[in-house]
1. Between the range 96-124 and the range 319-397, what is the C-alpha centre distance in whole Å?
2. So for each of 359-367, 377-385, 101-109 I average, over its residues, the number of other beta carbons within 10 Å; can you give me the resulting order with the highest mean first?
3. With a 1.4 Å probe and every protein chain kept in, tell me what percent of the accessible surface of the range 380-437 is carbon plus sulfur.
4. Provide the per residue accessible area, probe 1.4 Å, for the range 82-156, rounded to a whole number of square angstrom.
5. Could you check what % of the DSSP bridge pairs in the range 265-395 are antiparallel, to the nearest 5?
6. Let me know the volume per residue of the alpha-carbon convex hull for the range 321-410, in Å³.
7. To the nearest Å, what is the center-to-center distance of the range 216-258 and the range 406-437, using C-alpha atoms only?
8. For Gln312 and Leu403, FRET efficiency with R0 = 25 Å and r from the beta-carbon atoms, rounded to 0.05?
Amino acid sequence: MRWLWVLCVCAFVGACQPAAPSNLNQPATPVPFPTTTPGRLIEGVLPTVVGIPLDGVGLANPATAVALANRPTATPDYQTCPGSGSPTLAPQLASGREMIAAMVTYLSEGGSPLTLSEALGAWGERWENARVVADVDFTGEGSNEVLVSFEAPDDGGSLVIFSCIAGRYATLYQAITGGDAPEIAQVTDLNYDGRADILFNSYSCEAGNANDCAYRTQLISWNVSDGRFVSLLNGAITSDNAPSLNDVDNDQVQELVVRLTDDGDATTGPLRTGVNIYDWNGSYYTLSIVQLDPPRFAIQVVQEADRNFARQQMDTAIAQYQLALSDSGLRYWLNDEPVYLKSYLYYRLLLAYAYTDNDNLLSLFQEALATYPDAANAPVYVSMINAFWNGYQVTNNLHSACLEVQAIISARPEAVGLLNRYGNRSPVITAQELCPF
């Protein structure tokens with residue numbers, strides 16, 4: 001019977017053993033982190049000084065020192081604003097810096113942002129073009145900022161943004177534009193990101209030239225990750241007309257539309273009219289669409305053809321040179337253009353045909369000779385045609401042919417000068433670009 005008793009004991013012990021897991025690779029179930037039991041109070045005495053070397057000496061993990069040295073700073077309190085008061089604004093001041101300091105003091109001592117514009121009227125006529133916006137929360141922190149556009153005695157046009165931080169006002173942004181007070185064109189969410197943006201323009205003229213004036217447009221918005229106002233443009237937009245807003249592609253994002261209406265004058269040279277459209281690309285506004293009206297002057301077609309020639313987009317350049325030769329509806333900008341511009345077009349076409357091995361190279365050369373039979377009294381570009389043709393026929397090499405042309409350009413600088421007298425907004429061509437091979 002003893003063996004029967006031993007067998008029963010073994011069976012009982014085996015039944016108490018844990019079953020083997022069905023999957024040895026199954027990860028352990030995470031244990032919830034215990035929470036504090038309500039109502040328990042733990043008391044203890046902490047040392048007055050806890051010294052941890054930031055160089056990592058004595059630490060089990062030196063990375064602890066890095067973490068300690070880079071602990072986050074406290075988030076600024078943008079919601080606590082000064083209580084109401086009845087401060088007086090300092091009298092007319094001599095500098096923009098003093099004016100900004102006076103506005104900060106006025107707001108921090110309880111002056112109402114909504115009545116700031118009225119208070120600033122005490123500064124006289126410089127305040128006539130100024131503007132205050134105090135009903136928009138640009139930062140999203142729960143209180144409205146104060147946006148002020150004004151003209152300072154020393155800096156001229158200025159734009160500044162104040163925000164209440166820990167019970168006082170401080171300057172979050174400042175731009176000095178010069179001239180008159182900048183125009184606050186729009187305060188709205190342009191790029192549909194849920195945050196108000198600020199579009200503002202300044203208008204100024206070149207010193208000593210009241211006819212050479214332009215708008216300079218900037219667009220800023222609060223960047224949460226950087227904690228500051230940043231530009232939503234790669235650079236300020238300079239234009240003859242201030243941009244307008246229009247959702248061109250119906251995507252709820254406003255595009256900046258700049259209308260080009262100036263066709264030029266003696267200072268600028270001929271200008272193309274049309275429209276430039278700046279669109280949001282997810283990071284900033286960039287020029288995305290250029291819609292130019294058809295050119296009205298032959299030199300505009302020539303200059304565009306020269307740009308394509310320089311890019312080695314020869315098929316496009318050839319079509320444009322041919323258009324300038326054949327379109328009788330194109331007008332001349334300068335009175336003496338009929339004398340030399342046609343010969344220049346023949347010269348450029350000759351180079352483009354040679355570069356592309358165009359079958360019409362010989363016939364074009366013969367047409368140019370027939371048009372200008374007296375090369376000695378013809379424009380300089382006829383001599384350049386002959387020099388290039390002769391050099392190319394001897395060597396069948398574009399570079400060697402251009403060396404012959406460059407010798408003529410050196411002796412007759414009008415080859416470059418005739419093309420570089422179309423105003424300060426026209427392209428400038430060099431001797432090397434006239435025969436670049």
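1. Taking the Cα centre of each part, the range 96-124 and the range 319-397 sit 68 Å apart.
2. Numbers: 359-367: 13.6, 377-385: 21.8, 101-109: 19.2.
By packing density, highest mean first, the sequence is 377-385, 101-109, 359-367.
3. Values: 1530 of 2790 Å².
Carbon-and-sulfur percentage of accessible area, whole number: 55.
4. Details: 3570 Å² over 75 residues.
Solvent-accessible surface per residue comes out at 48 Å².
5. Numbers: 8 of 9 bridges.
About 90 percent, rounded to the nearest 5.
6. Details: hull volume 9.5 nm³, N = 90.
Measuring per residue, one finds 105 Å³ for the Cα hull of the range 321-410.
7. 38
8. On the way: r = 20 Å, r/R0 = 0.79.
It comes out at approximately 0.80.
The values are calculated or read from the model by the stated rules, or taken from the named source; none is laboratory data. From a predicted model like this one, the values you see are computed outputs, not experimental measurements. Because the Cβ atoms are built from the backbone with ideal geometry, glycine has one as well, and the counts that use them run over all protein chains shown. These accessible areas exclude ligands, DNA and RNA; they are computed on the full protein's heavy atoms, side chains included. Shrake-Rupley method; radii C 1.70, N 1.55, O 1.52, S 1.80 Å.
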